[in-house]
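The values are calculated or read from the model by the stated rules, or taken from the named source; none is laboratory data. Predicted model only: the values in this text are computed from it and were never measured. All Cβ positions, glycine included, derive from the backbone under ideal geometry; neighbour counts span all protein chains shown. These accessible areas exclude ligands, DNA and RNA; they are computed on the full protein's heavy atoms, side chains included. Shrake-Rupley method; radii C 1.70, N 1.55, O 1.52, S 1.80 Å.
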Amino acid sequence: MQTNCVLGNGAHTQPASAIRHLTSDQVQMLRAFIHKRVMNPDDVDDLLQGTFLEAIRNEHKFQGTSKPQTWLCGIALNLIRNHFRKMYNQPYQESWEEQVHSDGHPGRDIGHQVDGHRQLARVVVAIGQLSTHMQQVIEVSLEMDGNYQDTASSLGVPIGTVRSRLSRAREQLKRQIGASI
């Protein structure tokens, strides 16, 4: 991951107070630095806020040997790494039972349920159109409750291969399902 982050003119005041006096352009450049690495706008906002929170918590550690913006980019980069580590270790999955119980409430619109079943049928067809490697990693991942390490061990492939195949499968499914709606 590249760490080059250049923000603003870098004029030096007091080291700690420089962090609290960023221009809006400098903040936007920090946002762009984060956005270049994290595509979800909500995550970008969360990481930007987290960066400033960490900077304020630790401003006593800033010694002024670099530009405040460079220091902030380092904090942002660490938060981005932590964000992806957490994301890879805890994939989102909703169990079938949770979905069945939430759909079974009396008085719920039957049209909503029919649409849900149609969507499920489209997903099943779309999964059938994926490569056998992608289908296999999806199947084993579901059997392993979404645990990437267990999936990789079961398939005898590196964990990066599991992540890559699942990511490509998700993107392909989004394109296929999005086109059919």
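Number of residues in the stretch 1-29 that are at pLDDT below 50 and within 27 Å of the chain's Cα centre (by Cα): the value is 6. Restricting attention to the stretch 30-61 and to residues that are crowded, with 19+ Cβ neighbours inside 10 Å and farther than 20 Å from ARG85 by Cβ, the residue that is farthest from the chain's Cα centre (by Cα) turns out to be ALA55. Those helices (runs of 4 or more DSSP H) of the stretch 64-181 in which 1 or more residues are open to solvent by 50 Å² or more (accessible area, probe 1.4 Å) and modelled with pLDDT under 80 occupy 68-89, 96-103, 110-128, 159-180.
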